[in-house]
Amino acid sequence: MSEYISQVFPILCKGRDTEGNECLEKAVQVEVKVSQSPGTNSISSQVTCPYNTGGHGQRCTAFDLGTVEKTGQGILCPYAFDIPYALERRK
């Protein structure tokens, strides 16, 4: 396998708060691109959303109203993932 296998999914999202509840009054249009890396079993997503930050859009800033600037801060986006890395136990 020499190329990424990808699929884009349009979704409507209302963001997340610290407890995982929706926090925006009106949903925003979001694109989630799910890809399999060439030559591996890794599957990951890249989220395009006005409230996300980080390399893969893995942090939701909707609850913080966009004030979180640094990767590693904010609420985890439920649509951003890297498998198997997200499922591995840390040693």
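Table for the structure above
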quantity	calculated
Considering residues of the range 1-29 that are part of a strand (DSSP E or B) and not β-branched (V, I, T) only, the residue modelled with the lowest pLDDT	S6
The range 30-64: number of residues that are farther than 19 Å from I5 by Cβ, touching a residue at least 24 places away in the same chain (Cβ under 8 Å) and part of a strand (DSSP E or B)	3
Within the range 2-51, tally of residues that are surrounded by fewer than 11 Cβ atoms within 10 Å (Cβ to Cβ) and hydroxyl-bearing (S, T, Y)	3
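The values are calculated or read from the model by the stated rules, or taken from the named source; none is laboratory data. Everything numeric in this text was worked out from a predicted model, so none of it was measured. Cβ coordinates were reconstructed from backbone atoms using ideal geometry, including for glycine residues, and neighbour counts include every protein chain displayed.
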